[in-house]
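Inspection log for the structure reproduced underneath, given as C-alpha coordinates.
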(Lines give C-alpha, C1' and ligand atoms only; values in the text may rest on other atoms or scores of the structure.)
Protein backbone atom coordinates (compact mmCIF):
# COMPACT_ATOMS: atom_id res chain seq x y z
CA UNK A 1 0.00 0.00 0.00
CA UNK A 2 1.43 3.37 -1.00
CA UNK A 3 1.69 6.34 1.35
CA UNK A 4 -0.97 8.16 -0.71
CA UNK A 5 -3.37 5.23 -0.23
CA UNK A 6 -2.66 5.20 3.50
CA UNK A 7 -3.36 8.94 3.61
CA UNK A 8 -6.65 8.35 1.78
CA UNK A 9 -7.61 5.62 4.23
CA UNK A 10 -6.85 7.91 7.18
CA UNK A 11 -8.88 10.69 5.55
CA UNK A 12 -11.81 8.31 5.05
CA UNK A 13 -11.70 7.22 8.70
CA UNK A 14 -11.58 10.85 9.88
CA UNK A 15 -14.42 11.80 7.49
CA UNK A 16 -16.67 8.97 8.70
CA UNK A 17 -15.87 9.67 12.35
CA UNK A 18 -16.56 13.40 12.04
CA UNK A 19 -19.74 12.83 10.04
CA UNK A 20 -21.05 10.51 12.74
CA UNK A 21 -20.05 12.93 15.49
CA UNK A 22 -21.70 15.91 13.79
CA UNK A 23 -24.94 14.01 13.20
CA UNK A 24 -25.44 12.12 16.45
CA UNK A 25 -27.56 13.37 19.30
CA UNK A 26 -25.40 15.04 21.94
CA UNK A 27 -26.41 15.46 25.55
CA UNK A 28 -25.09 18.83 26.71
CA UNK A 29 -25.20 17.82 30.37
CA UNK A 30 -22.47 15.18 30.07
CA UNK A 31 -19.71 17.38 28.68
CA UNK A 32 -18.30 20.44 30.44
CA UNK A 33 -19.06 23.37 28.15
CA UNK A 34 -18.07 26.96 27.71
CA UNK A 35 -19.60 29.57 25.46
CA UNK A 36 -19.07 28.72 21.77
CA UNK A 37 -17.43 25.38 22.59
CA UNK A 38 -19.12 23.87 19.54
CA UNK A 39 -17.42 26.45 17.30
CA UNK A 40 -14.03 25.42 18.69
CA UNK A 41 -14.90 21.78 18.00
CA UNK A 42 -15.96 22.61 14.42
CA UNK A 43 -12.79 24.63 13.86
CA UNK A 44 -10.53 21.86 15.17
CA UNK A 45 -12.40 19.13 13.32
CA UNK A 46 -12.11 20.91 9.99
CA UNK A 47 -8.45 21.74 10.63
CA UNK A 48 -7.78 18.00 11.04
CA UNK A 49 -10.05 17.15 8.12
CA UNK A 50 -8.15 19.61 5.90
CA UNK A 51 -4.81 18.16 7.02
CA UNK A 52 -5.87 14.62 6.14
CA UNK A 53 -7.53 15.77 2.90
CA UNK A 54 -4.38 17.61 1.83
CA UNK A 55 -2.24 14.52 2.40
CA UNK A 56 -4.72 12.28 0.59
CA UNK A 57 -5.59 14.55 -2.35
CA UNK A 58 -2.93 17.12 -3.30
CA UNK A 59 -5.19 19.44 -5.30
CA UNK A 60 -5.11 23.25 -5.53
CA UNK A 61 -5.89 25.02 -2.28
CA UNK A 62 -8.93 26.83 -3.67
CA UNK A 63 -10.46 23.53 -4.85
CA UNK A 64 -9.82 21.84 -1.50
CA UNK A 65 -11.42 24.75 0.36
CA UNK A 66 -14.48 24.63 -1.91
CA UNK A 67 -14.86 20.86 -1.36
CA UNK A 68 -14.42 21.09 2.41
CA UNK A 69 -16.79 24.06 2.67
CA UNK A 70 -19.41 22.20 0.63
CA UNK A 71 -19.02 19.28 3.03
CA UNK A 72 -19.65 21.72 5.89
CA UNK A 73 -22.77 23.02 4.10
CA UNK A 74 -23.98 19.44 3.61
CA UNK A 75 -23.45 18.61 7.30
CA UNK A 76 -25.37 21.72 8.38
CA UNK A 77 -28.18 20.94 5.90
CA UNK A 78 -28.53 17.38 7.23
CA UNK A 79 -28.41 18.65 10.83
CA UNK A 80 -31.24 21.06 10.03
CA UNK A 81 -33.39 18.12 8.89
CA UNK A 82 -32.80 16.15 12.11
CA UNK A 83 -35.30 16.76 14.93
CA UNK A 84 -32.60 16.85 17.60
CA UNK A 85 -30.05 19.08 15.79
CA UNK A 86 -30.02 22.60 14.32
CA UNK A 87 -28.10 24.14 11.46
CA UNK A 88 -25.84 27.05 12.33
CA UNK A 89 -24.16 29.64 10.14
CA UNK A 90 -21.60 30.06 12.94
CA UNK A 91 -20.70 26.37 12.70
CA UNK A 92 -20.24 26.69 8.94
CA UNK A 93 -17.99 29.72 9.42
CA UNK A 94 -15.96 27.80 12.02
CA UNK A 95 -15.69 24.87 9.57
CA UNK A 96 -14.38 27.11 6.79
CA UNK A 97 -12.05 28.92 9.20
CA UNK A 98 -10.55 25.63 10.42
CA UNK A 99 -9.88 24.40 6.88
CA UNK A 100 -8.57 27.82 5.79
CA UNK A 101 -6.24 28.03 8.77
CA UNK A 102 -4.72 24.65 7.96
CA UNK A 103 -4.15 25.58 4.32
CA UNK A 104 -2.67 28.97 5.30
CA UNK A 105 -0.29 27.16 7.64
CA UNK A 106 0.61 24.61 4.94
CA UNK A 107 1.16 27.37 2.36
CA UNK A 108 3.48 29.42 4.56
CA UNK A 109 5.37 26.32 5.67
CA UNK A 110 5.88 25.33 2.02
CA UNK A 111 7.16 28.84 1.22
CA UNK A 112 9.60 28.73 4.15
CA UNK A 113 10.99 25.38 3.01
CA UNK A 114 11.29 26.68 -0.55
CA UNK A 115 13.23 29.77 0.63
CA UNK A 116 15.57 27.63 2.73
CA UNK A 117 16.76 25.72 -0.33
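Could you check region 68-92 and list, in sequence order, the residues that are without any contact (Cβ under 8 Å) to a residue 24 or more places away in the chain, assigned to a helix (DSSP H, G or I) and loosely packed, with under 15 Cβ neighbours inside 10 Å? Result: 70, 73, 74, 77, 80, 81, 89. Can you name the residue in region 55-67 that is surrounded by fewer than 19 Cβ atoms within 10 Å (Cβ to Cβ) and touching a residue at least 24 places away in the same chain (Cβ under 8 Å) and is also farthest from residue 15 (Cα to Cα) among such residues? The residue in question is 61. Taking the numbered list (1) over 18 Å from residue 14 (Cβ atoms); (2) part of a helix (DSSP H, G or I) in turn, residue 101 passes all entries but (1).
Going by what's in this entry, would residue 98 be described as within 16 Å of residue 40 (Cα to Cα) and more than 11 Å from the chain's Cα centre (by Cα)? When the stated conditions are applied, residue 98 does not pass them. When region 22-54 is limited to residues that are surrounded by fewer than 14 Cβ atoms within 10 Å (Cβ to Cβ) and within 12 Å of the chain's Cα centre (by Cα), the one that is modelled with the lowest pLDDT turns out to be 40.
The values are calculated or read from the model by the stated rules, or taken from the named source; none is laboratory data. Just so you know, these numbers come straight off a predicted model, no measurement behind them. In this analysis, Cβ positions are derived from the backbone assuming ideal geometry, glycine residues included, and neighbour counts consider all displayed protein chains.
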